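Chemist: This is the structure I want to talk about, given as structure tokens.
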Amino acid sequence: MHKEHVSSNEENVWKLCEHIKTQTQIHLDEVYAVFISNERKMIPIWKQKSSRGDEPVVWDYHVVLLHQNQQGQSFIYDQDTVLPFSCPFHVYTTEAFHTDHGLKPAFWRKLRVIPADTYLKNFASDRSHMKNADGTWRMPPPLYPCIETTDSKMNLDDFISMDSKVGCGHVYGLSEFVKHFAEKL
């Protein structure tokens, strides 16, 4: 699988969806963009490249790609993890998410799952969230143009929101997500 990393994981996943659509044998209807966040925008994820030891990174939001093949096997693609880039779903959810048990409710994860085709058609980012207050870049932006649609230049907040009435896709709690996408034998 192609792995081009830029400083914006929502764009990395968009580009990965685009690559799958045009360059691979994987059917796009088997692929999903998954936004992970919560109302407080404080979600712990373990096994991240920026982790210190066994400690999680607490992100405001994170985005991964989910592939559930026709045989019912699911894989997670996370460009910020130390786990394999095509990581079996059970391994990723166990190692990177753990469970919400033992976490304070402020850290409970929710996941917005968006079919890849819907994501490609609807996601837009003007990259304003990647700039400091003075307009300078926090990290160098991607070299390709901003992703936009005919309707929007910036709708990232609709994807990060875990309000099921906002945006597209389906919002799951962590245990519901794991149960729904776990391997079907």
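The values are calculated or read from the model by the stated rules, or taken from the named source; none is laboratory data. Everything quoted here is computed from the prediction, not taken from an experiment. Every residue, glycine as well, gets a Cβ built from its backbone with ideal geometry; the counts of neighbours run over all protein chains shown.
Chemist: Step by step: first the residues of region 66-82, then only those that are in contact with a helix residue (DSSP H, G or I) (Cβ under 6 Å, 6 or more places away or on another chain) and outside any strand (DSSP E or B), then the one that is nearest to I45 (Cα to Cα). Which residue is that?
Modeler: Q79
Chemist: Can you name every residue in region 1-19 that is modelled with pLDDT of 50 or more and more than 22 Å from R138 (Cα to Cα)?
Modeler: Filtering region 1-19 down to residues modelled with pLDDT of 50 or more leaves 7-19.
Passing the criteria: L16, C17, E18, H19.
Chemist: Here's something else I'd like to know. Would you point out the residue of region 20-44, among those that are crowded, with 22+ Cβ neighbours inside 10 Å and of a type in the set (A, V, I, L, M, F, W, C), that is farthest from the chain's Cα centre (by Cα)? Please lay out each step first, then the result.
Modeler: Quick first cut of region 20-44, residues crowded, with 22+ Cβ neighbours inside 10 Å only: 20, 31-37, 43.
Cutting the leftovers down to of a type in the set (A, V, I, L, M, F, W, C) gives us 20, 31, 33-36, 43.
Numbers: I20: 16, V31: 12, A33: 6, V34: 4, F35: 4, I36: 6, I43: 12 Å.
Going through the qualifying residues, I end up with I20.
Chemist: How do the pairs read when you match residues in region 122-142 that are on the phi > 0 side of the Ramachandran plot and in a loop (DSSP other than H, G, I, E, B) with residues anywhere that are surrounded by 11 or more Cβ atoms within 10 Å (Cβ to Cβ) and modelled with pLDDT of 90 or more, using Cβ under 7 Å and keeping only pairs 6 or more apart or on different chains?
Modeler: R127/C146
Chemist: Let me ask you something else. Pull up region 118-163, narrow it to residues that are of a type in the set (D, E) and loosely packed, with under 14 Cβ neighbours inside 10 Å, then point me to the one that is nearest to W14 (Cα to Cα).
Modeler: Of region 118-163, the ones of a type in the set (D, E) are 126, 134, 148, 151, 157-158, 163.
Narrowing the set further to residues that are loosely packed, with under 14 Cβ neighbours inside 10 Å leaves 134, 151, 157, 163.
On the way: D134: 27, D151: 17, D157: 15, D163: 21 Å.
Among those residues, the one meeting the criterion is D157.
Chemist: To continue, here is another question. Tell me the residue from Q79, Q70 that is under 13 Å from the mean Cα position of the chain (by Cα) and surrounded by fewer than 20 Cβ atoms within 10 Å (Cβ to Cβ), please. So that I can check it myself, show each step before the final result.
Modeler: On the way: Q70 fails: under 13 Å from the mean Cα position of the chain (by Cα).
Of the residues listed, the single one that is under 13 Å from the mean Cα position of the chain (by Cα) and surrounded by fewer than 20 Cβ atoms within 10 Å (Cβ to Cβ) is Q79.
Chemist: Quick one: how many residues across region 11-32 are of a type outside the set (D, E), farther than 21 Å from S128 by Cα and in contact (Cβ under 8 Å) with a residue 12 or more places away in the chain? Don't jump to the end; show me each part of the working.
Modeler: First, pick out the residues of region 11-32 that are of a type outside the set (D, E): 12-17, 19-28, 31-32.
Now restrict to residues that are farther than 21 Å from S128 by Cα: 16-17, 19-28, 31-32.
Pick out the ones that are also in contact (Cβ under 8 Å) with a residue 12 or more places away in the chain and you get 16-17, 19-21, 23-24, 26-28, 31-32.
Residues that pass the stated criteria total 12.
Chemist: If you check D54 against the conditions, is it within 23 Å of H180 (Cβ to Cβ), part of a loop (DSSP other than H, G, I, E, B) and of a type in the set (D, E, K, R)?
Modeler: Details: within 23 Å of H180 (Cβ to Cβ): no; part of a loop (DSSP other than H, G, I, E, B): yes; of a type in the set (D, E, K, R): yes.
No: the conditions fail for D54.
Chemist: Same structure again: Does V82 satisfy the criteria of being of a type outside the set (F, W, Y), touching a residue at least 24 places away in the same chain (Cβ under 8 Å) and under 26 Å from S161 (Cβ atoms)? It would help to see each step written out before you state the result.
Modeler: Numbers: of a type outside the set (F, W, Y): yes; touching a residue at least 24 places away in the same chain (Cβ under 8 Å): yes; under 26 Å from S161 (Cβ atoms): no.
Here the answer is no, as V82 does not meet what is asked.
Chemist: While we're on this one: Which condition does V166 not pass, out of (1) among the aliphatic types (A, V, I, L, M); (2) part of a loop (DSSP other than H, G, I, E, B); (3) in contact with an Asp or Glu (Cβ under 8 Å, 6 or more places away or on another chain); (4) surrounded by 15 or more Cβ atoms within 10 Å (Cβ to Cβ), if it passes all the others?
Modeler: Failed condition: (4).
Chemist: Can you name the residue in region 89-111 that is basic (K, R) and part of a loop (DSSP other than H, G, I, E, B) and, of all such residues, is surrounded by the fewest Cβ atoms within 10 Å (Cβ to Cβ)? Explain how you work it out, then say what you get.
Modeler: Filtering region 89-111 for residues basic (K, R) gives 104, 109-110.
Pick out the ones that are also part of a loop (DSSP other than H, G, I, E, B) and you get 104, 109.
Numbers: K104: 9, R109: 24.
It comes out as K104.
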